[in-house]
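Note sheet for the following structure.
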Amino acid sequence: MLRRIGIRMWKVASGEMTNPELFDYLIETRLPTVLSTGMSSIDEIDVATTRVQKADIPFALLQCTSIYPCPPDKIGLNMIQFYRQRYECAVGLSDHSGTIFAGLAAAALGIEVLEVHVTFSRNCFGPDVIASITIEDLATLVQGVRFIEEMNTHTVDKDKMVAEMTPIRELFTKSIVAQVDLSAGTLLTHECVAVKKPGTGIPAGRLPSIIGRRLRRSVAAGEMLVESDLSEEIVPQFS
């Protein structure tokens, strides 16, 4: 019946993973197939994946735990990378947690397929309701997955990013300023200078290098120092 309707992909529940006649039929259709592993052992998964791989059928393998609802300690996100490496195929998560959290975490791992149960209301009757998310949750989940996909698609060059943030960097970093009114010729010590925003003057990180130098002009308290204010000579400081 599903084939007459024109279904474009098969989903095999874990209870059917050991059904050879079903697999023979699905392979004959040449349609992509999604295999869920909720109740399947590694040996059973090996057999099923080998069948579709030998038939050259596009397929994805879903980590799943057949507990309704599934608690976080049974989700098994570790299996996603395991499946990817072992079977070299698209991987995903079939989630029964009744939350959007597991799906978002799996999306961050780069899955290709995410399956959840959805209910119109948590007040509905039925065995799957407790393991389902609502329509509103689904919308949030999709939005979150798309956000994560965008993050995973784009890498960041930290130094380049810092350069792009120059305006805000100048606003929030600090510069060296006079702590009190200082006259020309003052020998700079730790007691007469401080660091304050913005970071458009001598960077705060250079504070140790200006101690022991003399001022070439008078500077008011709170005024930012500039390079031309400082003598070249450094007078050693002794404690």
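If the condition is being touching an Asp or Glu at 6+ places or on another chain (Cβ under 8 Å) and not β-branched (Val, Ile, Thr), then segment 117-132 contributes only His117. Counted as qualifying within segment 59-170 are the helices (runs of 4 or more DSSP H) with 2 or more residues that are over 18 Å from the mean Cα position of the chain (by Cα) and surrounded by fewer than 17 Cβ atoms within 10 Å (Cβ to Cβ), namely 78-87, 135-153, 158-164. Residue pairs whose Cβ atoms lie under 6 Å apart, separated by 6 or more positions or on different chains, with the first residue in segment 135-163 and assigned by TED's automatic domain parsing to the domain that holds Ser94 and the second part of a helix (DSSP H, G or I) and not small (Gly, Ala, Ser), are Gly144/Leu104. Where helices (runs of 4 or more DSSP H) sit wholly within segment 1-55, those with at least 1 residues that are under 18 Å from Ile111 (Cβ atoms) and either without any contact (Cβ under 8 Å) to a residue 24 or more places away in the chain or in contact with a strand residue (DSSP E or B) (Cβ under 9 Å, 6 or more places away or on another chain) (or both) occupy 42-54. Looking only at segment 182-202, decide whether some residue is of a type in the set (Lys, Arg) and within 27 Å of the chain's Cα centre (by Cα). For segment 182-202, residues of a type in the set (Lys, Arg) and within 27 Å of the chain's Cα centre (by Cα): absent.
When residues in segment 135-176 are screened for being among the polar types (S, T, N, Q) and farther than 19 Å from Ala107 by Cα, 3 of them pass. Residues in segment 29-46 that are farther than 24 Å from Ile5 by Cβ and either at pLDDT below 95 or touching a helix residue (DSSP H, G or I) at 6+ places or on another chain (Cβ under 9 Å) (or both): Thr37, Gly38, Met39, Ser40, Ile42, Glu44, Ile45, Asp46. Take the conditions in a loop (DSSP other than H, G, I, E, B) and not assigned by TED's automatic domain parsing to the domain that holds Ala107 and apply them to Val195. Does it pass? No: the conditions fail for Val195. Hey, does segment 88-95 have a residue that's without any contact (Cβ under 8 Å) to a residue 24 or more places away in the chain, assigned by TED's automatic domain parsing to the domain that holds Met17 and not basic (Lys, Arg)? Checking segment 88-95: at least one residue is without any contact (Cβ under 8 Å) to a residue 24 or more places away in the chain, assigned by TED's automatic domain parsing to the domain that holds Met17 and not basic (Lys, Arg).
The values are calculated or read from the model by the stated rules, or taken from the named source; none is laboratory data. Computed from a prediction, not measured in an experiment: that's the story for all the values here. In this analysis, Cβ positions are derived from the backbone assuming ideal geometry, glycine residues included, and neighbour counts consider all displayed protein chains.
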